[in-house]
Amino acid sequence: MAKVTLTVNGRTVSGECEERTLLVHFIRDKLGLTGTHVGCDTNQCGACVIHMDGKSIKSCSILAVQASGSSITTIEGLAQNGELHPVQAAFKEHHGLQCGFCTPGMVMTAVDLINSKGTSLTEEDVRHGLEGNICRCTGYHNIVKSVLSAADAMQPGRQAAE
Amino acid sequence: MYATNYHRASSVDEAVKLAGTGDDTKYVSGGQTLIATMKQRLAAPSDLIDLRHVPSMKGISVSGRSVRIGAAATHAEVASSSELRAVCPGLADLAAGIGDPHVRHLGTIGGSIANNDPAADYPAGLLGLGATIVTDRRQIAADDFFTGLFDTALEAGEVITEIRFEAPEKSAYAKFANPASRYAMTGVFVAKTGGGVRVAVTGAGSDGVFRHQGMEQALAGNWSAEAVAGVAVDSSELLSDLHASAEYRANLVRVMAKRAVAAAR
């Protein structure tokens, strides 16, 4: 057994797990944060995407012990003071989900995309940026619309102007 | 996944020492292939030695035209290095097209070439650049490093610490990605240097990445996409599988080489 210490959504947490335990299972089963989903379990679908030290990663592709010491943000860490994150709000507004299973990974990916590429994203940037996330319901159009709308809403100065 | 023991190395020496202790130890860096393989029980190392926390294996530096990339540099770091992009945009573009954003945040250049997947992108890049692979104990020319499918010149316990090369005058990588897996069904890296031209092909060879001498000669005399068009590509040594026949891949080699030459900068 190994001891794993993480900062998850701003809180320091530690727990014991087997060394072969995947980070996604540590997050779901040990920490009880079940917003992060296991979809394909073969590192392809992106339902398990979280942020590790500010970068989007697939939490089913890394062991919890490998991640020990890092700072993690999950879908539960996005909303602040009961207010949805702009990306979450945009998915709601633009019907960016149907069954919702891929949504946590889509949202975490979109947040990283907007944070790293800036708010002036093109549709092409968004479609390329979502390459590692699979959705079987929406046909992607409304997801792309949601991400573009969120990027627009997150433009610096935008909130102050409203 | 079968049980395994995890060790975190903080230096190259410590990693090599740890590698000598288990029954079947494996280095893990980004783990974007290894962890997936372990989940499928196709690999079951007794011990994993994590290289992600070795400071000397990180970073990218450029001095004049000489490039040094730490073996633990992620694909995202290689893709976004403005220093590298200024002297060798071909390799930065190659890194930007590997996998997806999440894979690029974890996967590393050292891990990719140590695995030497016949459809991986980096082997073509480093063979095309004539790079030197530096390990804990020696320097290996890319021409001698890639020895076959998932096979390299690395000895047991040998660890890649960095990659070095001289930036070419021009280079580019063109890949025809499998529509489902995004791995290269054929990828061609071309590099034009003062000393000549190198053309390296991944995804197509039945023995892994290879150089195409015919194209190198044609391009050395006439650096243009048209020069490649007439070069024969022998399909007898190319892969044939459910994705593409050897003949189809032979045509892709030519088409990707043309695109790479046209895009080279």
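The values are calculated or read from the model by the stated rules, or taken from the named source; none is laboratory data. Values in this document were obtained by computation on a predicted structure and should not be read as measured data. Neighbour counts are summed over all protein chains in view; Cβ atoms, including those assigned to glycine, are modelled from backbone coordinates with ideal geometry. SASA here: full protein model, heavy atoms, side chains in, ligands and nucleic acids out. Shrake-Rupley method; radii C 1.70, N 1.55, O 1.52, S 1.80 Å.
Quick notes on this structure:
- Placing dummy labels 7 Å off each Cα toward the beta-carbon, the span from A:Glu131 to B:Glu169 is 3.0 nm.
- Note on the range B:94-141 and the range A:42-107: Cα centroid distance 28 Å, given to the nearest whole angstrom.
- Ellipticity estimate at 222 nm from DSSP helix runs (n ≥ 4, -39,500 (n - 2.57)) divided over chain A, nearest 500: -8500 deg cm²/dmol
- Take the Cα of A:Thr122, step 7 Å toward its Cβ, do the same at A:Asp29, and the gap between the two points is 4.5 nm.
- Positive-end residue, the range B:5-49 charge dipole about Cα centroid, Cβ charges, pick of B:Ile35, B:Asn5, B:Thr25: B:Ile35
- In chain B, the sites counted are GluC sites (Glu not before Pro) in DSSP loop states with at most 15 other Cβ atoms within 10 Å, and the longest stretch holding none of them, exclusive of the sites, is B:1-154.
- The trypsin sites (Lys or Arg not before Pro) of the range B:21-63 that DSSP puts in a loop, and whose beta carbon has at most 11 other beta carbons within 10 Å, are B:Arg41.
- With contacts taken as Cα pairs under 8 Å at a separation of at least 6 residues, chain A carries a relative contact order of 23 percent.
- Charges were assigned to the Cβ only: +1 to each Lys and Arg, -1 to each Asp and Glu. The resulting dipole of chain A about its Cα centre is roughly 160 debye.
- For B:Thr147, the residues whose amide H sits under 5 Å from its own are B:Thr152, B:Ala153, ignoring neighbours fewer than 5 places away on the same chain, with H placed 1.01 Å from N.
- Here chain B is scanned for chymotrypsin sites (Phe, Trp or Tyr not before Pro) in DSSP loops (not H, G, I, E, B) that have at most 13 other Cβ atoms within 10 Å, and the longest stretch holding none of them is B:3-149.
- Point-charge dipole on Cβ atoms (K/R +1, D/E -1) for the protein assembly as shown, about Cα centre, debye to 20: 580 debye
- ³J(HN,Hα) computed for each position of the range B:251-257 - Karplus, 6.51 cos²θ - 1.76 cosθ + 1.60, integer Hz, glycine/proline x: 5, 4, 4, 5, 5, 5, 4
- Computed over the range B:176-265: relative contact order in percent, which uses C-alpha pairs under 8 Å that are six or more apart: 29 percent
- With Cα atoms, 0 to 90° folded angle of helix A:141-153 axis to chain A main axis: 80 degrees
- Solvent-accessible area per residue in the range B:88-233 equals 34 Å², computed with a 1.4 angstrom probe and all protein chains kept.
- Whole-number D in µm² s⁻¹ for chain B, Kirkwood Cα-pair radius fed into Stokes-Einstein, 37 °C, 0.692 mPa s: 176 µm²/s
- Farthest towards the positive end of the charge dipole of chain A, among the residues A:Gly100, A:Pro86, A:Gly157, is the Cα of A:Gly100, using unit charges on the Cβ of Lys, Arg, Asp and Glu.
- Taking only the Cα atoms of the range B:121-255, the radius of gyration and Dmax are 15.1, 46 Å.
- When only Cα pairs below 8 angstrom with a gap of at least 6 residues are kept, chain B shows a relative contact order of 16 percent.
- Cα-based radius of gyration of chain A once divided by 2.2 N^0.38 Å, which approximates compact folds: 1.04
- Angstrom value of the Kirkwood radius, inverse mean 1/r, which spans all Cα pairs in the range B:194-265: 12.4 Å
- Interface between chains A and B: roughly 2100 Å² of accessible area buried, both sides summed (probe 1.4 Å, protein heavy atoms only).
- If you bin all the Cα-Cα distances of the protein assembly as shown at 10 Å, starting from zero, the percentages per bin are 5, 21, 29, 26, 15, 4, 0.
- Between the listed residues A:Val24, B:Leu239, B:Pro168, the Cα displaced farthest toward the positive end of the dipole of the protein assembly as shown, a dipole computed from Cβ unit charges relative to the Cα centre, is found at B:Pro168.
- This model, with +1 at the C-beta of Lys and Arg and -1 at the C-beta of Asp and Glu, gives the range B:1-145 a dipole about its Cα centre of some 200 debye.
- Pairwise Cα inverse-distance average, inverted: Kirkwood Rh of the range B:58-191 (Å): 14.6 Å
- Surface composition of the protein assembly as shown: carbon and sulfur make up 48 percent of the accessible area, probe 1.4 Å.
- Rolling a 1.4 Å probe over the protein heavy atoms gives chain A an accessible area of 46 Å² per residue.
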